[in-house]
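The values are calculated or read from the model by the stated rules, or taken from the named source; none is laboratory data. Keep in mind that what you see is a predicted model, and the values were worked out from it rather than measured. Note: ideal-geometry Cβ built from the backbone for every residue, glycine included; neighbour counts use all protein chains shown.
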Amino acid sequence: MEANILVVDDEPEIADLVSVYLRGEGFQVFSCGTGSDALQIVEKEHIDLAVLDVMLPDISGMNLCGEIRRSRQFPIVMLTAKSADTDKITGLAVGADDYMTKPFSPLELVARVKAQLRRYTSYNSGEKDDGEPLNINGLTINKKTHQCWLYDELLNLTPIEFDILWLLCANRGKVISAEELFETVWGEKYLDRNNTVMVHIRRLREKLREPSGHPRFIKTVWGVGYKVE
């Protein structure tokens, strides 16, 4: 699998270890230790996925993720030395697609990188033709073109955000549990106290300009899950 991976970590041992494993899988790796260097690489090179450490010497990995998300939609995996749920939620809220807590298994990281790249490649190649677009109260979502329109505005959704919204829209009127959403979209086993789905739903509602407390599209069925009516 040929792809360009950006690795940002100010600990040379970790950056080198991750780079060795990724190169062993055939990836081209760009490595640096600061956020400013990372932004320069993103501007100059075609990057397919980034692995960002949260703790960087100039700007935080969270802020770096946010800056990248201003103009790029490639997958981002965050590395954090903290296991607190708040750090994970913050990372996802600023646009990260996945996270791993240090210490981590390099083999698991490689597996997660491959999974994110498969999803992103599928998203951008227009695979999985699911027929005609779905139209719901001014929201149009097209799985064939991977585009989503709110009235006349094209929404800038990440691949995971698109997959969540498509799953809910394709099952209009049906309540989908957080567990089913996670296992269908991420393809991994859902664990208790996993806030990943909740954070992505919140981001989706923001992009859909949902009124606070009175969402028009994504409804919460307390204790059960989410649905689009």
Original post:
Has segment 179-200 got any residue that is out of contact with any helix residue (DSSP H, G or I) (no Cβ under 8 Å at 6 or more places or on another chain) and closer than 22 Å to residue 133 by Cβ?
Top reply: no
Original post:
residue 6: crowded, with 17+ Cβ neighbours inside 10 Å and part of a helix (DSSP H, G or I), yes or no?
Top reply: no
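Mind telling me which of the residues 29, 51, 20 ends up being touching a Ser or Thr at 6+ places or on another chain (Cβ under 8 Å), of a type in the set (A, V, I, L, M) and not assigned by TED's automatic domain parsing to the domain that holds residue 197?
29
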**OP:** Give me a count of the residues in segment 199-227 that are exposed (fewer than 15 other Cβ atoms within 10 Å of the Cβ) and either among the aliphatic types (A, V, I, L, M) or part of a loop (DSSP other than H, G, I, E, B) (or both).
**Re:** 9
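Does segment 8-22 include one or more residues that are among the charged types (D, E, K, R) and within 19 Å of residue 120 (Cβ to Cβ)? Quick ask: steps written out before the conclusion?
As a first pass, look at segment 8-22 and keep what is among the charged types (D, E, K, R): 9-11, 13, 16.
Now narrow it down to the ones that are within 19 Å of residue 120 (Cβ to Cβ): none.
Looking for residues that are among the charged types (D, E, K, R) and within 19 Å of residue 120 (Cβ to Cβ), one finds none in segment 8-22, hence no.
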**OP:** Would you be able to say whether some residue in segment 154-163 is under 23 Å from residue 72 (Cα atoms), without any contact (Cβ under 8 Å) to a residue 24 or more places away in the chain and not aromatic (Phe, Trp, Tyr)?
**Re:** yes
**OP:** Go through 79, 107, 92, 17 for me and flag whichever is touching a Phe, Trp or Tyr at 6+ places or on another chain (Cβ under 8 Å), surrounded by fewer than 19 Cβ atoms within 10 Å (Cβ to Cβ) and either touching a residue at least 12 places away in the same chain (Cβ under 8 Å) or assigned to a loop (DSSP other than H, G, I, E, B) (or both).
**Re:** 107
